[in-house]
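Below is one structure; the comments refer to it alone.
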Amino acid sequence: MSFLIAAVLGALWYLGGIARAPVAITATLGYGALINAILGIFNLLPAFPLDGGRVFRGSIWKRSKSFIGATRTATRVSEAISLLMMVGGFASIIFGDFVDGIWIIFLGWFIRSGAETSLRQTLIGEALAGVRVADMMTRDVMTVPGNITVHQLVSNYFLVHRHGGYPVVEDGQVLGIVTMQCVRSIPKERRETVTVKEAMIPCERTVTVSASASALDAMNIMARQNVGRLLILEGSRLLGIVTRGDLMRTIRTRQELVT
């Protein structure tokens, strides 16, 4: 698309010159054509996350039949290209071209950062491929009643067990979830009178997910909602809970033993 836009703008620039259009118009068209051509050439560099890097990875993948291996190789090439660009940028600064040098260093850093991020995303995606929330959730969930005080919650749960949040259940129905953040929002002098039901995040504001959802979807929901755990519900019945720690353990285990 960059080359196509460059070609169209270049043709208009050429026709504008023949028709003796105002310099402001022809200069703008020519500059636009040049910038898009440069962008197209830059995007073809065999470096992640540029399109050229993806084509390069695809060619390696076709020969090696290993998607992870191809991604690692493409990432190493990207890092080498980014290092050369940053060294070139520093050299430009030393020889007096400060602005261009800064831009080249920035582009080198962008390529390196993008390549490392793409590799991490690929590794995580491969590790969680085909994994459902039901495969990794904790089914035997420790719950708390809503009528105990926040002080009792801290003494009997947070200071005794390692969990950072507990579903609040009453008569088999999930009322919400109470976390350390909920506790911190209650002043210490009021914790002996405020109940868990008053301090909790109610069910309608609790982030939930179905047991059939993919592990990748669960991870994306956690990141998007900025939460560390998701309740798995079937109607109002609690099936289990999945935490960020569960995701990390699943990724680590599958990377070591499966992928």
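Where a number appears in this text, it was derived from the coordinates with a stated rule and is not lab data. From a predicted model like this one, the values you see are computed outputs, not experimental measurements.
Taking a ≥ b ≥ c as the square roots of the Cα gyration tensor eigenvalues, with a/c under 1.5 meaning rounded and otherwise prolate when a/b beats b/c, else oblate, which class fits the stretch 133-257? Please list the in-between numbers first.
Details: a/c = 2.11, a/b = 1.72, b/c = 1.23.
Verdict is prolate for the stretch 133-257.
Given the choices (i) 1.52; (ii) 1.58; (iii) 0.90, Cα Rg over 2.2 N^0.38 Å derived from the coordinates of this structure is entry (i).
Students often forget the sequence filter, so: which lysines lie under 27 Å Cα-Cα from Lys188 once same-chain residues fewer than 8 apart are removed? Of all the lysines, those that pass the test against Lys188 - Cα under 27 Å, at least 8 places apart if same chain - are Lys197. Mean sequence separation of contacting Cα pairs (under 8 Å, at least six apart), scaled by the length of the stretch 133-257, corresponds to a relative contact order of 29 percent. Here's how it looks for Ile177: its modeled amide H is under 5 Å from those of Val168, Ile201, which are all 5 or more places away or on a different chain.
Backbone geometry of the stretch 213-218 corresponds, through the Karplus equation with coefficients 6.51, -1.76 and 1.60 at θ = phi - 60°, to 3J(HN,Hα) couplings of 5, 6, 5, 5, 4, 4 Hz, x marking Gly and Pro.
Across the stretch 7-17, computed HN-Hα scalar couplings (Karplus, 6.51 cos²θ - 1.76 cosθ + 1.60, θ = phi - 60°) run 5, 5, 5, x, 5, 5, 4, 5, 5, x, x Hz from first to last residue, x flagging Gly and Pro.
Using a Gaussian network for the chain with springs between C-alpha atoms less than 10 Å apart, which of these wobbles most: Ala74, Ala129, Ala215? Result for the chain, Cα springs under 10 Å: Ala129 fluctuates most.
With n ≥ 4 as the cut-off for DSSP H runs, can you work out [θ] at 222 nm for the chain, using -39500 (n - 2.57) per run divided by the number of residues, rounded to the nearest 500? Calculated at 222 nm, the ellipticity per residue is -19000 deg cm²/dmol. Residue-wise HN-Hα couplings along the stretch 172-177, as the Karplus relation 6.51 cos²θ - 1.76 cosθ + 1.60 with θ = phi - 60° gives them from phi, are x, 9, 7, 8, x, 9 Hz; Gly and Pro carry x. Between the C-alpha center of the stretch 150-197 and that of the stretch 99-129 there is a gap of 41 Å.
For the chain, the relative contact order is 14 percent, taking Cα pairs closer than 8 Å that sit 6 or more residues apart in sequence and dividing their mean separation by the residue count.
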